[in-house]
Amino acid sequence: MSTERVYYPAADIIRIIAGVGVILIHVTDPFIVYPPYFGIGGTSWWILNFINAFFRASVPLFIMLSGYLILDITKELNFKEFYTRRLAKIGIPVLFWVAFYFIWLQILGTSQSVSVIIHSILTVNLAYLYFLVIILELYYIMPLIYVFMKNTNFKSRRILLLSSLFFTLTLGFVNALYPSQKISLSENIVTIFLPYVYYFLVGFFLKKVKISLIHVISLFILYLYLIIFIAIASGGVIASYFRQYNSVTIVVAAQISFIILLQLNRIKNLSQSKKIRDTIKYVATLIFGAYLVHMMIIEGLNKFTEWIPGLIGSPLWVLVILKTLAVIVLSFVVVAVGKKIPYVKYLFG
């Protein structure tokens, strides 16, 4: 009798799509906001704007996936083991890459001092590494959420979910309607995770959602309409309310995409074909490391090539996609090689 565990591919596929999506966002952002492109628009600009908006929910997908995977009230949670495993997997990369970030800034010519570094950490002025702080803090409070979920009924859990949704959306509305009174939770290391608690919780609530093929198609069409709205309504402004993680648009888009992608668990060939299954598993193991190194790859390409706004040729959108592919491939190669080197492998999670 086979004791091999059943493999559910959706989680790894979501991880891959979200990771690639983050890289794509960071490559395309400069081209969307570059003044001449932004002002003139044009076919290439609109294509890049749409692609950027299409993957805007990538970070929420990561957080929803964390709730989906680790918030399991059907099993007993060993708190000590949980913290030990998470710190070993995430803690070492966080310490190294945050330290390396400041070294990198120094190399690029931005003077660093102890006071500047402390201020940057406390205000989470860490560029793309802010995500690591959010994940660490969500892991820190996860056992508290677990205890609540395990010892309450569905009604109480739903109240917690709706309360966190209300908090996240209200924060977004207040900051959009009253920018002069903006509540900057994202600029405080103690509070940065709060708007993302809803995404963490909803990953748990959507675990067993199953929908028919017609509903998958309907949701995907709705998702496309929503993305078109985001691309048009935001006008390419990255700081626009419609692109923020605490906006109605991204909250809805993230949940739609998560529900659709979860249905991949029902495609038997993805889990039963050993070649496909092993490929998905392997690529998924590279995603976290690729996230950690991709900005260095982007900056390296910017420095030594002409793939930057103002210099890149035509057709713009094709060349930007090629740049994205180059960043993805190089990031994966660096991580794949790094994971084979003793001790270095721990830096990639």
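The values are calculated or read from the model by the stated rules, or taken from the named source; none is laboratory data. Computed from a predicted model, the values in this text were never measured in an experiment. We place every Cβ from the backbone using ideal geometry, glycine too, and count neighbours over all the protein chains shown. Calculation scope for accessible area: heavy atoms of the full protein, side chains included, ligands and nucleic acids excluded. Shrake-Rupley method; radii C 1.70, N 1.55, O 1.52, S 1.80 Å.
Elements of the type helices (runs of 4 or more DSSP H) sitting completely within segment 265-349 and holding at least 3 residues that are within 20 Å of the chain's Cα centre (by Cα): these cover 274-304, 316-338.
Restrict the check to segment 226-245 and report whether at least one residue is within 27 Å of PRO143 (Cβ to Cβ) and not hydroxyl-bearing (Ser, Thr, Tyr). No; the residues of segment 226-245 include none that is within 27 Å of PRO143 (Cβ to Cβ) and not hydroxyl-bearing (Ser, Thr, Tyr). Scan segment 234-247 and tell me whether some residue there is at pLDDT 95 or above, hydrophobic (A, V, I, L, M, F, W, C) and over 12 Å from ARG56 (Cβ atoms). No - not one qualifying residue is present in segment 234-247.
Do you know which residues across segment 150-175 are open to solvent by 50 Å² or more (accessible area, probe 1.4 Å), assigned to a helix (DSSP H, G or I) and not β-branched (Val, Ile, Thr)? Matches in segment 150-175: LYS150, PHE154, LYS155, ARG158, LEU160, LEU162, SER163, PHE166, PHE167, PHE173. Within segment 269-289, can one find any residue that is open to solvent by 10 Å² or more (accessible area, probe 1.4 Å), touching a Gly at 6+ places or on another chain (Cβ under 6 Å) and either under 30 Å from LEU330 (Cα atoms) or modelled with pLDDT under 95 (or both)? Yes, that holds for at least one residue. When segment 223-264 is limited to residues that are part of a helix (DSSP H, G or I), hydroxyl-bearing (Ser, Thr, Tyr) and within 25 Å of SER164 (Cβ to Cβ), the one that is most open to solvent (accessible area, probe 1.4 Å) turns out to be TYR241. Exactly one residue among PHE220, PHE200 is modelled with pLDDT of 95 or more and open to solvent by 80 Å² or more (accessible area, probe 1.4 Å), and that residue is PHE220.
Sub-9 Å Cβ pairs linking a first residue in segment 169-184 that is without any contact (Cβ under 8 Å) to a residue 24 or more places away in the chain and over 24 Å from LEU122 (Cα atoms) to a second residue that is of a type in the set (A, V, I, L, M) and in a helix (DSSP H, G or I), at least 6 apart or interchain, are PHE173/VAL248, ordered by first then second residue.
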